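The values are calculated or read from the model by the stated rules, or taken from the named source; none is laboratory data. Please read these numbers as outputs of a predicted model, since none were measured by experiment. So basically every Cβ, Gly included, is an ideal-geometry build from the backbone, and we count neighbours across all protein chains shown.
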Amino acid sequence: MSQSTGAPSLFDDGQIGTGGNNNSQSQVKLQAINLIDLLHDGFYLIFLIRNQYVPADPQRFREKILDLLNRFEQQAKKLQFSADDIHDAKYAFCALIDETIVTQQDPSYFNLQNSWLISPLQLSLFGSQLAGYQFFEILEQLRSRGKDRLAALEVFHYCLLLGFQGKYRIESIESLNHLVARVGDEIDYLKGKKVAFSPFSAIPDQIRNIIHRELPFFWILIFFSVHDKFHRTLILSGFCLLKIAKISLNSSFFPKPIKR
């Protein structure tokens, strides 16, 4: 995949994100309009894990994620997001990456999963291992607060679009689909957009734009062939994350994907 000169790299100088280029970091901050933008690199990690990029060193991988979250918090504070929104956004992301890691079926993830199950991020950072339920409890609180908590609500909705299921993994996926769509409608309403309720009304602008303008057709075919067994919410996640995949990958941190 082609890469333009000066494009942000996931692992420039061993760092997740924009590396040591201060100008690039400043540009990211200026362009960021919501907390989803600031968690951009974290969502790219989700894409990598789901596509057979297994970290060679689980401990180093954890440290990279913690560094990413620290930078996210610092940038969000500078952009004057509320402490509550920052806290809840971090929680949602930790719930997503914890679930993503422990639900991988390939045996090559055993070492990573074994390390993660001992100390998932939700436990080490928030003192709880009940994200499968607490995620949705916090989500309901955010929905009840409306525009005051829109920044965090968007992150929770995004994590759902990227495949977080939590308690619905053993309950009703149909109910989860309905919830995702409803939250998407509510976000559109809070942003002053005209809402027409449908299962696809939850697609955020970023994903919608990629579907219509930027995603090459052959990537759509590849993604459907790989993820056909997953639900529609996971399919929607791929459209977003395949755009993020334009970011370069340092093979010394993530080895080449496993051939099946």
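Taking the stretch 122-147 as the range and being over 13 Å from Phe93 (Cα atoms) and in contact with a Cys (Cβ under 7 Å, 6 or more places away or on another chain) as the test, no residue passes. Yes or no: the stretch 142-158 includes at least one residue that is among the β-branched types (Val, Ile, Thr), surrounded by fewer than 22 Cβ atoms within 10 Å (Cβ to Cβ), under 18 Å from the mean Cα position of the chain (by Cα) and within 30 Å of Arg60 (Cβ to Cβ). No, because not a single residue in the stretch 142-158 is among the β-branched types (Val, Ile, Thr), surrounded by fewer than 22 Cβ atoms within 10 Å (Cβ to Cβ), under 18 Å from the mean Cα position of the chain (by Cα) and within 30 Å of Arg60 (Cβ to Cβ). Of the residues making up the stretch 89-113, those that are touching a residue at least 40 places away in the same chain (Cβ under 8 Å) and over 17 Å from Leu161 (Cα atoms) are Gln104, Asp106, Ser108, Tyr109, Asn111, Leu112. Of note, Arg208 does not satisfy the criterion of being modelled with pLDDT of 90 or more and either within 24 Å of Phe72 (Cα to Cα) or charged (D, E, K, R) (or both). Applying the set (1) farther than 24 Å from Lys167 by Cα; (2) modelled with pLDDT of 95 or more; (3) surrounded by 13 or more Cβ atoms within 10 Å (Cβ to Cβ); (4) not small (Gly, Ala, Ser) to Phe135 leaves exactly one unmet item: (1).
Scanning the stretch 144-175 for residues that are of a type in the set (D, E, K, R), farther than 14 Å from Leu39 by Cβ and assigned to a helix (DSSP H, G or I) gives Arg145, Lys147, Asp148, Arg149, Lys167, Arg169, Glu174.
Scanning the stretch 98-111 for residues that are more than 18 Å from Cys159 (Cα to Cα) and either modelled with pLDDT of 95 or more or charged (D, E, K, R) (or both) gives a single hit, Asp106.
Name the residues in the stretch 126-137 that are assigned to a helix (DSSP H, G or I) and either of a type in the set (Gly, Ala, Ser) or touching a strand residue (DSSP E or B) at 6+ places or on another chain (Cβ under 8 Å) (or both), would you? Within the stretch 126-137, Ala131, Gly132 meet the criteria. Taking the criterion of being in a helix (DSSP H, G or I), of a type outside the set (Phe, Trp, Tyr), surrounded by fewer than 20 Cβ atoms within 10 Å (Cβ to Cβ) and at pLDDT 95 or above, would at least one residue in the stretch 79-86 satisfy it? Within the stretch 79-86, one or more residues are in a helix (DSSP H, G or I), of a type outside the set (Phe, Trp, Tyr), surrounded by fewer than 20 Cβ atoms within 10 Å (Cβ to Cβ) and at pLDDT 95 or above. Any residue that is among the aliphatic types (A, V, I, L, M), assigned to a loop (DSSP other than H, G, I, E, B) and either in contact with a helix residue (DSSP H, G or I) (Cβ under 7 Å, 6 or more places away or on another chain) or surrounded by fewer than 14 Cβ atoms within 10 Å (Cβ to Cβ) (or both) - is there at least one of those in the stretch 108-125? No: the stretch 108-125 contains no residue that is among the aliphatic types (A, V, I, L, M), assigned to a loop (DSSP other than H, G, I, E, B) and either in contact with a helix residue (DSSP H, G or I) (Cβ under 7 Å, 6 or more places away or on another chain) or surrounded by fewer than 14 Cβ atoms within 10 Å (Cβ to Cβ) (or both). Given the criteria touching a Phe, Trp or Tyr at 6+ places or on another chain (Cβ under 9 Å) and either over 21 Å from Glu154 (Cβ atoms) or at pLDDT below 95 (or both), does Ala95 qualify? No; evaluated as a whole, the condition is false for this residue.
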